[in-house]
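Nothing in this text is a laboratory measurement; each read-out follows from the coordinates by a stated rule. Only a predicted model underlies this, so the values are computations on that prediction, with no experimental measurement involved. Here the Cβ positions follow ideal geometry from the backbone for every residue, glycine too, while neighbour counts run over all protein chains shown.
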């Protein structure tokens, strides 16, 4: 039987991704739709979790996750195309979250579609 070859459209710095994936898979956060975080402690969307586990203060998850992805996500593309690839990824996982895909399945999608890298040069 032939092994399926995976081509990753995106790459994300390993330490950032591992913190995020672990939080999604362990059930540490309650999932919400349509908002990075709510006033209730521990409620976040998939991107809000990324911000929170990487140091965001309450109310700042969206700014932190956007900056983290810009600085720590790689693509085979550069310039505007690279920025578009990052935006495409953000949009994809936000849509999945808001359409009801649970955190464990989101983590599985990320593991299957994002290459974890040590350097994002």
So, by mean Cβ neighbours within 10 angstrom, what's the order for 10-16, 106-112, 27-33 with the highest one leading? 10-16, 106-112, 27-33
Based on the mean of other beta carbon atoms within 10 Å per residue, what is the order of 93-100, 47-54, most packed first? 47-54, 93-100
Where labels lie 7 Å past Cα in the beta-carbon direction, separation of residue 105 and residue 119 in nm: 3.8
Each label point is 7 Å from the Cα along the Cα-to-Cβ direction; what then is the distance between the points at residue 26 and residue 98, in nm? 2.9
